[in-house]
Amino acid sequence: MAAPAPVSEAASSQSSIEKRLASLENMMQSRNLLQLELQQQLNLLQDEVSQIRGVTEEQSYKLEKVLQRQRELYQEIENRVSQAYTQPTAAPTTDYTQPSDAQTYSNDLSENEAYERAVALIMKDKRYDQAIPEFQTFLTTYPNSVYASNAHYWLGQLLFNKQDWAAAANQFDTLITQFPDSSKRADAMLKLGICEQERSNIARAEQLWKKVVAEYPNSSARKLAEIKLNAVK
């Protein structure tokens, strides 16, 4: 007669199946944990990429603003030079060594030379960074010069181009307050408003632009002031 299967063999088989199931469960848990960890790392990488993209876009925007201001400055200089060369010879030409406010030419030769040297760095050599200390030295040496209002404007424009808003604002404000008859006062007031806008002083900027519109209704600065006012509404 055939003997029945030993109980120990059945128990051993059951135990082997349970071990395999337990092993499979451990493998599934390990894989799930690994997938979770990989997903977390992927999320972190995506966050880092988003941050980098945001910084890149911000820097690109700031760079474009710098380039735009440079183009504006260079274009204004080129326009003035073109106007000087295209005027009839019988008519007085615009000379950047003289102030634009119908003041007389200085009798001090050293004063004239200092101003001409600073202007030449812009008009002739296009060395805009070097022109900044030249104008600063000129204004320190000749604070009451007939060229002072022009020097303040050009220094403010050069600092404006470098996005040194506080320093540029100081030059434009000096021109506005100390030289009320300057032909560059409307432009200085417009630029001062932009400086205040960049420094988050929006109310002050709007006040300046409204003043440009009210006091200089026939100027080109008025049109630009109106554009700036409409943009902040």
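The values are calculated or read from the model by the stated rules, or taken from the named source; none is laboratory data. In this text, all values refer to a predicted model and were calculated from it rather than measured experimentally. Cβ sites come from the backbone with ideal geometry, for glycine too, and all protein chains shown count toward neighbours.
Observations on the model:
- Top-ranked residue in segment 208-233 [being over 14 Å from Leu192 (Cα atoms) and basic (Lys, Arg); ranked as surrounded by the most Cβ atoms within 10 Å (Cβ to Cβ)]: Lys223
- Residue within segment 165-178 that is polar (S, T, N, Q) and modelled with pLDDT under 95 present: no
- Within segment 156-206, the residues that satisfy the criterion of being of a type in the set (Lys, Arg) and over 23 Å from Arg127 (Cβ atoms) are Arg185, Arg199, Arg204.
- Condition check for Ile122: more than 27 Å from Ser110 (Cα to Cα) and among the β-branched types (Val, Ile, Thr): no
- Checked against (1) more than 22 Å from Lys233 (Cα to Cα); (2) of a type in the set (Asp, Glu); (3) surrounded by 17 or more Cβ atoms within 10 Å (Cβ to Cβ), Asp181 passes all but a single condition, namely (3).
- Residue in segment 189-207 that is assigned by TED's automatic domain parsing to the domain that holds Phe135, under 16 Å from Phe135 (Cβ atoms) and buried (at least 17 other Cβ atoms within 10 Å of the Cβ) present: yes
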